[in-house]
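One structure below.
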Amino acid sequence: MTLVSKERAILFADVSGSMAFHETLGDKLGWKAIKACLGELREIVEKREGQVVKVIGDEIMAVFDRPEAASAAARDMQLRVRAMEPVAGVKFEIRIGFHFGPVLEDKGDFLGEGVNTAARLRSIAKGGQILTSGITANKLSITQRIYLRDQDTGNPQGKRDAVHVYELLSDDTEDATHVAGLATSANVKAFLTLAIGERTVSFPEGKTVLTMGREKDCDLIVTERTASRHHARIEKSGLQFMLIDESTNGTYLAVEGDREVLLRKARVLLRGRGKIGFGTSTSKAEQPVRFDCP
């Protein structure tokens, strides 16, 4: 048997409190109500260009090529279920967990640590809640990331390596409206501090770009041997800061609570605290840059 490894977004959603339907309606009508709900979820998966892998009892497992598609589907699911009419006085509610990363495909089924992480996130989610991992959050677009709320570092169901957990807010909630509104609020200021050696600098007010590298004309000069002359830059947009690699050897980013990632001519949104390595891992770098972006 040959297993194919690929990166996919795995999403689990289940009907929380499904026992209430059985107790109120009986087994036959209870299952009918739950299947109707799962049918609505299946429709959204297909609309968002995903694929339903399987349905187990009151749970649906789906796969998407892109994390953005899984994120959009998760929000659509919560909104659709929230709008459904109660059955015999019992309100539908679902909980969702999704994660983007390497998985193994075997004859249309998926397995591996990526699947386990998504399942664990779903297991710790509450009814009406969507949870995702920091790794996945890091890959979402800016327009989707404004709906994320940091849940701190968790350890779902005894997972050996800690997973940084984020809640994805549904876009019609007051919290999401507030978070989205921050992006254009004139009363809220964003700040980023960078520390290299004994020196600490703040992202200058009035600037939209800060350059980093070995060249003397860079805003932040680094002396790492593996750094390029103009290695990377940080762009400010509203309340957010984007790290962009422009180097030969790549830029390493280690956010507290997440695994280190390597950027090659790519960009990523900075968040929280962590380290940046120039052409070498932050764990081996002689001169990493520490950042704080609350």
Checklist outcome for this item: Residue count, the range 93-102, condition within 22 Å of LEU29 (Cα to Cα) and either assigned to a strand (DSSP E or B) or more than 23 Å from the chain's Cα centre (by Cα) (or both), comes to 2
Checklist outcome for this item: How many residues of the range 254-289 are surrounded by fewer than 19 Cβ atoms within 10 Å (Cβ to Cβ), within 18 Å of ILE196 (Cβ to Cβ) and among the basic types (Lys, Arg)? The answer is 2
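Can you pull out every residue in the range 114-128 that is buried (at least 21 other Cβ atoms within 10 Å of the Cβ), within 16 Å of MET77 (Cβ to Cβ) and not small (Gly, Ala, Ser)?
Of everything in the range 114-128, those that are buried (at least 21 other Cβ atoms within 10 Å of the Cβ), within 16 Å of MET77 (Cβ to Cβ) and not small (Gly, Ala, Ser) turn out to be LEU121, ARG122.
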Next on the checklist: I need the full set of residues from the range 277-292 which are in contact (Cβ under 8 Å) with a residue 60 or more places away in the chain, assigned to a strand (DSSP E or B) and either in contact with a Phe, Trp or Tyr (Cβ under 9 Å, 6 or more places away or on another chain) or among the hydrophobic types (A, V, I, L, M, F, W, C) (or both), in order please.
Outcome noted: PHE278, VAL289, PHE291, ASP292
Checklist entry - When ALA70 is evaluated against the numbered criteria (1) among the small types (Gly, Ala, Ser); (2) touching a residue at least 24 places away in the same chain (Cβ under 8 Å); (3) open to solvent by 10 Å² or more (accessible area, probe 1.4 Å), which criterion, by number, is the only one it fails? => result (3)
Item to check | Residues located in the range 197-227, provided they are of a type in the set (D, E, K, R) and either closer than 16 Å to GLU286 by Cα or open to solvent by less than 80 Å² (accessible area, probe 1.4 Å) (or both) | outcome: GLU198, ARG199, LYS207, ARG214, GLU215, ASP219, GLU224, ARG225
Next on the checklist: Residue under question is VAL179, and the condition is that it be in contact with a helix residue (DSSP H, G or I) (Cβ under 7 Å, 6 or more places away or on another chain) and at pLDDT below 75; does it hold?
Outcome noted: no
Next on the checklist: When the residues of the range 259-276 are narrowed to those that are over 20 Å from HIS99 (Cα atoms) and outside any strand (DSSP E or B), which ends up modelled with the lowest pLDDT?
Outcome noted: ALA266
Checklist entry - Which members of the range 26-42 meet the condition of being farther than 22 Å from ALA125 by Cα and open to solvent by 70 Å² or more (accessible area, probe 1.4 Å)? => result ASP27, LYS28, LEU29, TRP31, LYS32
Item to check | Of residues in the range 228-246 being under 26 Å from LYS139 (Cα atoms) and over 29 Å from the mean Cα position of the chain (by Cα), the one least open to solvent (accessible area, probe 1.4 Å) | outcome: SER228
Item to check | the range 129-141, residues that are hydroxyl-bearing (Ser, Thr, Tyr) and open to solvent by 30 Å² or more (accessible area, probe 1.4 Å) | outcome: SER141
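The values are calculated or read from the model by the stated rules, or taken from the named source; none is laboratory data. Just so it is clear, the structure is predicted and the values come from calculations on it, not from any experiment. Quick reminder, even Gly has a Cβ in these numbers, built from the backbone with ideal geometry, and neighbours come from all protein chains shown. Calculation scope for accessible area: heavy atoms of the full protein, side chains included, ligands and nucleic acids excluded. Shrake-Rupley method; radii C 1.70, N 1.55, O 1.52, S 1.80 Å.
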